[in-house]
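One structure below.
The values are calculated or read from the model by the stated rules, or taken from the named source; none is laboratory data. Given the structure is predicted, the values throughout are model-derived calculations rather than measurements. Using ideal geometry, Cβ is built from the backbone for each residue, glycine included, and neighbour counts are taken over all protein chains shown. The area values use the complete protein model at the heavy-atom level, side chains included, leaving out ligands, DNA and RNA. Shrake-Rupley method; radii C 1.70, N 1.55, O 1.52, S 1.80 Å.
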Amino acid sequence: MDVLLQAGLDTGSVESTTEKNIFQDLTVILVEERGSLNTDPVSNEVSQMFRIVLFVFICGIVSLFGIGANVTNIIVFIKQGFKDSINMSLLGLAVGDLGCALTMVWVSISFSPLLETPDINFNPSDVMYLSGGWPHACFN
């Protein structure tokens, strides 16, 4: 009853008010008491830490393994020769994957917090997207 009175409803109109209106009024009260309703369930620090772990460590390690595997595949397919069309197709696939892995290593290095310096006159993420993100999308 106290909540309804705080929401501006008098006791005579309580019976005619639907549950939907009551919940809307309660939401208004909660927003007014807290200042603003934060709908983001994850803080910025947790989000930044997740990006660092994902892009710097996991993508970097997987890309390094991919570079090694694709270089090995390219060497094997070149030694086998180009008599069969399947060897040429798989060589092309290995070259494309190698380009994708190389650009992903650059993206991984660019996400490193060690490269963040306030003394530069450009945004490093813009350079990373132009030199690593777009070529990665082309190889993909």
³J(HN,Hα) computed for each position of the stretch 60-73 - Karplus, 6.51 cos²θ - 1.76 cosθ + 1.60, integer Hz, glycine/proline x: x, 5, 5, 5, 5, 5, x, 5, x, 5, 6, 5, 4, 4
Backbone HN-Hα couplings from phi across the stretch 131-140 [Karplus 6.51/-1.76/1.60, Hz, Gly and Pro as x]: 8, x, x, 5, x, 4, 5, 5, 6, 6
Average accessible area per residue (Å²) across the stretch 64-140 - probe 1.4 Å, nucleic acids and ligands excluded: 70
Cα gyration tensor category, rounded, prolate or oblate, for the stretch 40-140 with a/c compared to 1.5: prolate
Distance in nm between pseudo-label sites at Glu45 and Ile75 (7 Å out along the Cβ direction from Cα): 4.7
Within the accessible area of the stretch 38-140 (1.4 Å probe), percent carbon and sulfur: 69
